[in-house]
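Engineer: Once you've had a glance at the structure underneath, I'll fire off some questions.
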Amino acid sequence: MRVYVPLTLSGLTEAHKTGELGSGPLVAYAVTPALREWYDSEDVEELEYAALGQAALASLRLLDADRAAPRRRVVVAVDVADRIVEADPGPGNDAAEPGEVRVTGRVALAKAAAVHVDADGAEAAVEAAAEALAAADGGDGGARSVVDGAEDHELLWFAPQEIPHLVGS
């Protein structure tokens, strides 16, 4: 199953050093029944893009929690065994974001299919979005617009072989 793991550049650097995204449980995003209902599409590529978008929002939350991390969202697309993925609670359950899953086993970085990272030019918008996130979650419409502004910046695609370049090693 393809899952999208939200990280920061600091988290990607650590994964590069250790060779794994973690030993679980990890929060990730995937095409699930709840995501299908939320996004209302049957196109698999559109659904995968929606899961990537959910992971990018989760990366923004990680940036909000880690003020020292470079202000760029990071999502690692990785293929894992279905048996180590616990799907979201399903449609109608507000306990999880649409598409949210838990990966319960070890996830080797070598299983990454791609890495998605903001361009340098997105840093100001991502910084503003991270700062506005709490207010947006509280219902502030202006803050929500700032958070949505980060989505105007498409995540760039990188092959796994490019990770050393991304993390500067």
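The values are calculated or read from the model by the stated rules, or taken from the named source; none is laboratory data. These numbers were taken from a predicted model, which means no experiment stands behind them. Ideal geometry is used to build each Cβ from the backbone, glycine not excepted, and the neighbour counts take in all protein chains shown.
Engineer: Specify the residue that is surrounded by the most Cβ atoms within 10 Å (Cβ to Cβ); the eligible residues are those in the stretch 1-49 that are basic (K, R) and over 14 Å from V78 (Cα atoms).
Structural biologist: Kept after step one, since they are basic (K, R), are these residues of the stretch 1-49: 2, 17, 36.
Next, from what is left, pick out any that are over 14 Å from V78 (Cα atoms): 17, 36.
Numbers: K17: 11, R36: 17.
Going through the qualifying residues, I end up with R36.
Engineer: Which of the following residues is in a helix (DSSP H, G or I), among the hydrophobic types (A, V, I, L, M, F, W, C), modelled with pLDDT under 95 and crowded, with 17+ Cβ neighbours inside 10 Å: A134, A130? Before the answer, list the steps.
Structural biologist: Values: A134 fails: crowded, with 17+ Cβ neighbours inside 10 Å.
Going through A134, A130 in turn, just one is in a helix (DSSP H, G or I), among the hydrophobic types (A, V, I, L, M, F, W, C), modelled with pLDDT under 95 and crowded, with 17+ Cβ neighbours inside 10 Å: A130.
Engineer: Does A125 satisfy the condition of being aliphatic (A, V, I, L, M), part of a strand (DSSP E or B) and free of Cβ contacts under 8 Å to residues at least 60 places away in the same chain? First the steps, then the outcome.
Structural biologist: Working: aliphatic (A, V, I, L, M): yes; part of a strand (DSSP E or B): no; free of Cβ contacts under 8 Å to residues at least 60 places away in the same chain: yes.
Considered against the rule, which asks whether it is aliphatic (A, V, I, L, M), part of a strand (DSSP E or B) and free of Cβ contacts under 8 Å to residues at least 60 places away in the same chain, A125 comes out as no.
Engineer: Another question about this same structure. State the number of residues belonging to the stretch 75-127 that are surrounded by fewer than 13 Cβ atoms within 10 Å (Cβ to Cβ), in contact with a helix residue (DSSP H, G or I) (Cβ under 7 Å, 6 or more places away or on another chain) and either modelled with pLDDT under 90 or polar (S, T, N, Q) (or both).
Structural biologist: The total comes to 1.
Engineer: Does any residue of the stretch 145-164 turn out to be more than 28 Å from G19 (Cβ to Cβ) and of a type in the set (V, I, T)? Give the steps one after another, and end with the answer.
Structural biologist: As a first pass, look at the stretch 145-164 and keep what is more than 28 Å from G19 (Cβ to Cβ): 145-154.
If we keep only those that are of a type in the set (V, I, T) too, we end up with 146-147.
Yes, there is a match, as at least one residue in the stretch 145-164 is more than 28 Å from G19 (Cβ to Cβ) and of a type in the set (V, I, T).
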